[in-house]
Structure formats: structure tokens, C-alpha cells
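Peer 1: Sending over a structure as C-alpha cells; questions will come in a sec.
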Amino acid sequence: AQSVTQLGSHVSVSEGALVLLRCNYSSSVPPYLFWYVQYPNQGLQLLLKYTSAATLVKGINGFEAEFKKSETSFHLTKPSAHMSDAAEYFCAVTEDGNKLVFGAGTILRVKS
Amino acid sequence: GAGVSQSPSNKVTEKGKDVELRCDPISGHTALYWYRQRLGQGLEFLIYFQGNSAPDKSGLPSDRFSAERTGESVSTLTIQRTQQEDSAVYLCASSLQGLAGETQYFGPGTRLLVL
């Protein structure tokens with residue numbers, strides 16, 4: 001069965017600092033992996049996705065993630081945090097497209 | 001073009017009442033999904049529709065939950081005899097063909113509160 005673990009329910013960084021949100025997955029077959037962002041009182045928006053092409057995936061707003069099969073990880077990074085990055089981030093996995101299995105989410109706080 | 005829309009945006013109901021939640025997917029999208037997001041938790045899959053195929057109902061938590069979809073358009077999620085544990089945000093998503101790796105586009109959700 002597929003599963004996703006996001007380490008750290010809350011992450012706090014200073015403005016301009018590196019953002020690192022961790023995601024580990026479990027899947028019996030090569031997975032498709034996604035990062036979604038949810039701003040307060042808004043729906044989920046796709047940041048980026050891995051679909052077995054390049055292992056380093058670039059997304060919107062300067063975010064990127066690297067698929068590491070040996071570590072079963074798909075961590076999300078951004079070199080320099082901006083106040084507008086404050087939101088909740090969800091990692092998700094799917095094998096067949098029928099459904100996404102989500103992690104519990106990580107709330108990112110950006111301090112000025 | 002228009003995104004996924006859901007109605008109502010908020011619903012307050014009394015325990016034991018039935019509720020209907022509506023989802024309008026992106027035009028042309030054949031796959032439609034319902035998820036539930038409880039406070040402080042990730043999203044849980046509820047049900048999936050793809051074209052004329054039988055829906056995947058494997059995520060429905062009880063027989064009080066049901067969903068229908070008219071062709072490749074509107075879907076309604078019905079919760080009968082609501083319980084307080086049904087309080088959550090119900091999110092609908094659609095994708096073009098339901099293929100693995102396709103982006104699912106989410107609506108803004110319906111926030112349900114059962115008193």
C-alpha cells in the first residue's frame with residue numbers, strides 16, 4: 001500500500017533562509033509524486049510533480065524537489081524563503097492515477 | 001478557463017440531517033475525485049469517477065456516504081444522517097483522463113460543520 005510521511009508538522013524559517021520540507025513515500029511500484037500548496041482559506045495548488053522523467057523537478061515560485069529512489073524521498077526545497085511562502089504544503093503519491101495518497105501536511109512559517 | 005467549483009462553500013447542519021455537496025469539474029475533464037480533509041490532517045480519498053466506468057468507492061467511510069456523477073459533468077456527494085465526526089472540508093478535484101501522473105485540479109472545498 002502507498003503511504004506518505006512528512007517529517008515535521010510545522011517548520012519555521014527566517015525570510016531569505018533555505019526552505020526544506022521533507023517527504024518520504026512507500027510504494028510497491030515506481031510512483032508519481034506531487035507537492036501541493038494550500039494558502040489560508042484557499043484550495044490546493046500544484047507546486048510540482050515527478051512523473052519518471054528528470055529526477056530534479058522544478059516548480060512554481062522557485063520551488064524544486066529531487067526524487068531519490070534509494071532514499072524513497074521527494075524533499076521540497078527553495079533557496080530563499082519569502083513571506084508569501086507561508087502556507088501548508090502537502091506531499092502526495094499515486095501509482096495508478098485513481099487517487100492521491102497525501103501526507104499529513106507541513107505548515108511553513110516565515111519569520112521576518 | 002474556469003476551474004473546479006464547489007457549492008456551498010460552507011454548510012452548517014444538525015446531527016442526523018442529510019447534506020448534499022456539489023462539484024462542477026473543469027470542462028472536458030473525464031476524471032473526478034472527492035477527498036475529505038479533517039482539521040489538522042491530510043486529505044483522505046473518498047471516491048473516484050472515470051468516464052462511464054464503475055466508480056471506485058473504496059475510500060467511502062460508511063454506507064451513509066454516497067456520490068453520483070451525471071455523465072462527465074456535475075457530481076454530488078451525499079452524507080445521510082450526519083454525525084459530528086463528518087465535520088471536515090470536502091474537496092473535489094478533476095483531471096483530464098485520470099491517468100497516472102496527471103495533475104488533479106482542486107476546487108476550493110465545502111466546509112461542513114455538524115452540530
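The values are calculated or read from the model by the stated rules, or taken from the named source; none is laboratory data. On a predicted model such as this, the values are computed, not experimentally measured, just so you know. All Cβ positions, glycine included, derive from the backbone under ideal geometry; neighbour counts span all protein chains shown.
Peer 1: Checking A:V29 against (1) within 11 Å of chain B (Cβ to nearest Cβ); (2) surrounded by 13 or more Cβ atoms within 10 Å (Cβ to Cβ), which test does it fail?
Peer 2: The single condition A:V29 does not satisfy is (2).
Peer 1: Name the one entry in B:L46, B:L112, B:L96 that is touching a Lys or Arg at 6+ places or on another chain (Cβ under 9 Å), surrounded by 14 or more Cβ atoms within 10 Å (Cβ to Cβ) and within 25 Å of A:L33 (Cα to Cα).
Peer 2: Going through B:L46, B:L112, B:L96 in turn, the sole match is B:L46.
Peer 1: Right, something else. In the set A:Y50, A:Y89, A:Y32, which member is in contact (Cβ under 8 Å) with a residue 60 or more places away in the chain and under 12 Å from the mean Cα position of the chain (by Cα)?
Peer 2: It is A:Y89.
Peer 1: If a residue must be free of Cβ contacts under 8 Å to residues at least 24 places away in the same chain and either closer than 25 Å to A:P31 by Cα or under 13 Å from the mean Cα position of the chain (by Cα) (or both), how many such residues does segment B:62-98 contain?
Peer 2: Number of matching residues: 3.
Peer 1: Hey, another quick one. Looking at A:Y39, is it aromatic (F, W, Y), closer than 30 Å to B:N10 by Cβ and at pLDDT 95 or above?
Peer 2: no
Peer 1: Let me ask something additional. Got a sec? Which of B:T110, B:T103 is in contact with a strand residue (DSSP E or B) (Cβ under 6 Å, 6 or more places away or on another chain), of a type in the set (S, T, Y) and at pLDDT below 95?
Peer 2: Only one candidate qualifies: B:T103.
Peer 1: Which residue, of A:A104, A:A81, A:A92, is closer than 24 Å to B:Y33 by Cα, among the hydrophobic types (A, V, I, L, M, F, W, C) and out of contact with any Leu (no Cβ under 6 Å at 6 or more places or on another chain)?
Peer 2: Sole residue among the options that is closer than 24 Å to B:Y33 by Cα, among the hydrophobic types (A, V, I, L, M, F, W, C) and out of contact with any Leu (no Cβ under 6 Å at 6 or more places or on another chain): A:A104.
Peer 1: Tell me, which strands (runs of 3 or more DSSP E) wholly within segment B:61-115 include 1 or more residues that are over 15 Å from B:A31 (Cβ atoms), away from chain A (no Cβ under 14 Å) and of a type in the set (A, V, I, L, M, F, W, C)?
Peer 2: B:65-69, B:75-79, B:110-114
Peer 1: Looking at B:R64, B:R69, B:R81, B:R111, which is the one that is within 28 Å of A:T106 (Cα to Cα) and of a type in the set (D, E, K, R)?
Peer 2: B:R111
Peer 1: Give the number of residues within segment A:83-112 that are surrounded by fewer than 21 Cβ atoms within 10 Å (Cβ to Cβ), of a type in the set (G, A, S), within 10 Å of chain B (Cβ to nearest Cβ) and not in a loop (DSSP other than H, G, I, E, B).
Peer 2: Within segment A:83-112, residues that are surrounded by fewer than 21 Cβ atoms within 10 Å (Cβ to Cβ), of a type in the set (G, A, S), within 10 Å of chain B (Cβ to nearest Cβ) and not in a loop (DSSP other than H, G, I, E, B) number 0.
Peer 1: One residue is enough: does segment A:54-64 have a residue meeting the conditions surrounded by 12 or more Cβ atoms within 10 Å (Cβ to Cβ), assigned to a loop (DSSP other than H, G, I, E, B) and under 12 Å from the mean Cα position of the chain (by Cα)?
Peer 2: Yes, segment A:54-64 contains a residue that is surrounded by 12 or more Cβ atoms within 10 Å (Cβ to Cβ), assigned to a loop (DSSP other than H, G, I, E, B) and under 12 Å from the mean Cα position of the chain (by Cα).
Peer 1: Let me ask another. Working only within segment A:46-82, note down all residues that are of a type in the set (S, T, N, Q) and over 27 Å from A:A1 (Cβ atoms).
Peer 2: A:N61, A:T77, A:S80
Peer 1: Pick from segment B:6-57 the residues that are assigned to a strand (DSSP E or B), more than 10 Å from chain A (Cβ to nearest Cβ) and of a type in the set (S, T, Y): which of them is farthest from the chain's Cα centre (by Cα)?
Peer 2: B:T13
Peer 1: Now for a different question. Which one of the conditions (1) at pLDDT 95 or above; (2) under 18 Å from B:G109 (Cα atoms); (3) of a type in the set (K, R) does B:R38 fail to meet, given that it meets all the rest?
Peer 2: Exception for B:R38: condition (1).
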